[in-house]
Every structure is written in C-alpha cells, then in structure tokens.
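Quick notes on the structure that follows.
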Amino acid sequence: MWITIGERRFSATLAATAAAEEFASMLPLTLNMEDLNRNEKHTDLPKNLPTHKYQPKTIENGDIVLWGSRTLVVFYKTFDTSYSYTRIGRIENATDLPRALGHGNAVITFSKD
C-alpha cells in the first residue's frame, strides 16, 4: 500500500486482519485527516470495518490503526498508551512522517499502487 501526503510518498504494509483486508478493498481513498494531541491524524471512514482489538501499550511512529469500528488513525509520534485498537498497517521508514504531516489537518491518499 502507498500513502501520499503532498509530494511525499510512503510505503506501508497491511496487517493480517479482516479490517486491513476490508480497508484495502476501499482503496484508493483520499481523506482529510484532523490532528489530535500532536501525535496522530484521524478521520471517520465511509463505513464500519470489522474489529479485532489489541492493546499495544506503545504506539510507534507510522502505526495505522482503527479506533472503534470506523475511525482510521495514523500515528506520527511514538508514545505509551492504554487504549485498544485494531491493526490496519504500518508505514515503513516513517522517520520523515511527522514533517510530511505537519501541524493541523492533512490530506492523505491511501492507494494500492
């Protein structure tokens, strides 16, 4: 999967979950994602996805998850958490992700190629 933010393109690997499979079937998607807590971008998807919650304890820069059954979250900072999520995928080589996303809302395109 590919994630495009402005002129930057990141490679991502989908998780082996039903939610990730369903998400992939919706691609391509261009989403206006709101910033929250200066560590994530999030938005509601057009439909609910299947959930299989896990509690990661630590969120990593580049994690892509589902919160609840419909809210897609892209994390761009590493931190500890007590929340539960469903895995969607992981952005590879996410070192420059915080800079690409910037502050405030971001338009992000998710695509298969």
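The values are calculated or read from the model by the stated rules, or taken from the named source; none is laboratory data. Just so it is clear, the model here is predicted, and its values are computed rather than measured. Every residue, glycine among them, receives a Cβ derived from its backbone with ideal geometry; neighbour counts consider all protein chains shown.
Tabulated data
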{"quantity": "Check on Lys53, out of contact with any Cys (no Cβ under 7 Å at 6 or more places or on another chain), at negative phi and at pLDDT below 95", "calculated": "yes"}
{"quantity": "Residues of segment 1-57 satisfying the condition of being in contact with a helix residue (DSSP H, G or I) (Cβ under 6 Å, 6 or more places away or on another chain) and more than 14 Å from Phe110 (Cα to Cα)", "calculated": "Leu49, Pro50"}
{"quantity": "Selected residue (criterion: nearest to Ala20 (Cα to Cα)) from residues of segment 62-99 that are of a type outside the set (S, T, N, Q) and more than 14 Å from the chain's Cα centre (by Cα)", "calculated": "Tyr83"}
{"quantity": "First in segment 17-36 and buried (at least 16 other Cβ atoms within 10 Å of the Cβ) and modelled with pLDDT of 95 or more, second anywhere and among the aromatic types (Phe, Trp, Tyr) and part of a strand (DSSP E or B), Cβ under 8 Å, 6 or more apart", "calculated": "Phe23/Phe110; Leu31/Phe110"}
{"quantity": "Residue list for segment 23-53, filter: assigned to a strand (DSSP E or B), within 22 Å of Thr81 (Cβ to Cβ) and either hydroxyl-bearing (Ser, Thr, Tyr) or touching a Gly at 6+ places or on another chain (Cβ under 6 Å) (or both)", "calculated": "Asp35, Thr43"}
{"quantity": "Residues (in a strand (DSSP E or B) and exposed (fewer than 14 other Cβ atoms within 10 Å of the Cβ)) located in segment 54-67", "calculated": "Tyr54, Thr58"}
{"quantity": "Subset tally (residues that are touching a His at 6+ places or on another chain (Cβ under 7 Å) and either free of Cβ contacts under 8 Å to residues at least 40 places away in the same chain or outside any strand (DSSP E or B) (or both)) for segment 68-113", "calculated": "2"}
